[in-house]
Amino acid sequence: MTNWLTACELEKAPTVLVTVASVEGSGPRETGAKMLVTAHTQIDTIGGGHLELRACEIAREMLVAPADDNPPRRLERFALGPSLGQCCGGVVYLAFERIARQARENFDALRERMQQQEDCWRLVALDDATPPAVFDRAGRCLSGQIAQVPLELNYERPCHVMRDRAGHRWLIDPCRAYRPHLILFGAGHVGTAIVRALADLPCQVTWVDEREDLFPATVPANVQIEATDTPEYVADNAPPGATFLVLTHSHALDQRLSEHILRRPSHDWFGLIGSRTKRMQFEHRLAERGIPKQRLTEMVCPIGVPGITGKTPAVIAASVVAQLLQVWEAAERATQLDAQPKTVTRMIASA
């Protein structure tokens, strides 16, 4: 779960949510990037530098200004040139939202939706105090009340600003659940180091082991523990497109899990910890059990970025997480190329 969204639940002080609403040219962060600003702290980042400093100043001005003279939302334009001392060269539009306590239910709905691996989107009025709302992809209102707002919606489009027929501006903020889903078998030193390294990255992790006592008392928000005597069942029933890492305490269990993963109808990315000798042994044994040669060539073993040879758990974790990011970003690029634009024109009404 993103830090800003977790902080929305925990933070009791008045806050302002800053969102990169749109970018023209080059910018330090992508549209939809967010940070939460309080009087004394900030959570997450919109890219750092003078842009972020100026955004924090504006947010804190909103926090202390009298309510009568202080609109709850603003949209500000920033040219990333000499005036801000940044060399990106583009133009960034930032949306500022003062978060009222009663509006936090929107973030509860958003958090619940993302934990369920379901996409949704936020609709935020920028020119008045209309409470924001959260919708699912079908246009059903999950939280908030917005009535009679005609907009042409393209869900595949990143975060952006639109005007309705009356000329009022709206922030259209798609909030997509993390696509990468790692099924990690093994709660030993390396598995623990990998989970720790993935804590702040955009992914969901299912962490599997038979030994329940090995799991830490608390885990990152993007991690779900699966303590089970039948880890093969988890492998068989994982969703298509999942990513697998096998690094258990037992070579025999590693082999059983490898067989189950390689028999899946979807050719998901699969990494197995071990040496080249272990790979050769497993290839021979799995071939004897009927795993096709082509599928065996897709098994990644050893794991990690080539050229990193350190054996400490933290070094292995850094190498493996870098490799996973390469795999996930390549999959995201392929998905974007295949995606067909889906434009829906509808009248959004409150539930």
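Sub-6 Å Cβ pairs linking a first residue in the range 183-198 that is of a type in the set (G, A, S) to a second residue that is assigned to a helix (DSSP H, G or I), at least 6 apart or interchain, are A187/L214; A193/P313; A193/A314; A193/A317; A197/A317; A197/V321, ordered by first then second residue. Scanning the range 196-220 for residues that are in contact with a Phe, Trp or Tyr (Cβ under 6 Å, 6 or more places away or on another chain), within 25 Å of K311 (Cβ to Cβ) and not in a strand (DSSP E or B) yields a total of 1.
Taking the range 143-171 as the range and being touching a residue at least 40 places away in the same chain (Cβ under 8 Å), among the hydrophobic types (A, V, I, L, M, F, W, C) and surrounded by 15 or more Cβ atoms within 10 Å (Cβ to Cβ) as the test, the residues that pass are I146, V149, L151, L153, C159, V161, W170, L171. Of all residue pairs spaced 6 or more apart or on separate chains, those with beta-carbon atoms under 7 Å, a first member in the range 40-66 that is in the same structural domain as R29 (by TED's automatic domain parsing) and a second member that is loosely packed, with under 13 Cβ neighbours inside 10 Å are H50/G85; R60/A39; L63/A39.
When the range 172-195 is examined, which residues are found to be surrounded by 22 or more Cβ atoms within 10 Å (Cβ to Cβ), outside any loop (DSSP other than H, G, I, E, B) and small (G, A, S)? Listed by number, the list holds a single entry, G191. Here the condition is being among the polar types (S, T, N, Q) and modelled with pLDDT of 90 or more; of S26, S22, it holds for S22 alone. Every listed requirement among (1) at pLDDT 90 or above; (2) part of a helix (DSSP H, G or I) is met by I46 save one, (2). The listed residues are I308, I261, and the only one of them that is surrounded by 13 or more Cβ atoms within 10 Å (Cβ to Cβ), aliphatic (A, V, I, L, M) and modelled with pLDDT of 95 or more turns out to be I261. Checked against (1) modelled with pLDDT of 95 or more; (2) crowded, with 20+ Cβ neighbours inside 10 Å; (3) not aliphatic (A, V, I, L, M), R285 passes all but condition (2).
Residues that are in contact with an Asp or Glu (Cβ under 9 Å, 6 or more places away or on another chain) and farther than 30 Å from T206 by Cα number at least 1 in the following strands (runs of 3 or more DSSP E) confined to the range 89-168: 91-99, 120-125, 149-154, 160-163. Quick one: in the range 131-163, of everything that is among the β-branched types (V, I, T) and either modelled with pLDDT of 85 or more or outside the structural domain of E30 (by TED's automatic domain parsing) (or both), which residue is nearest to A21 (Cα to Cα)? Checked the range 131-163; the qualifying residue nearest to A21 (Cα to Cα) is V161.
The values are calculated or read from the model by the stated rules, or taken from the named source; none is laboratory data. Everything quoted here is computed from the prediction, not taken from an experiment. Note that each Cβ is placed from the backbone with ideal geometry, even for glycine, and that neighbours are counted across all protein chains shown.
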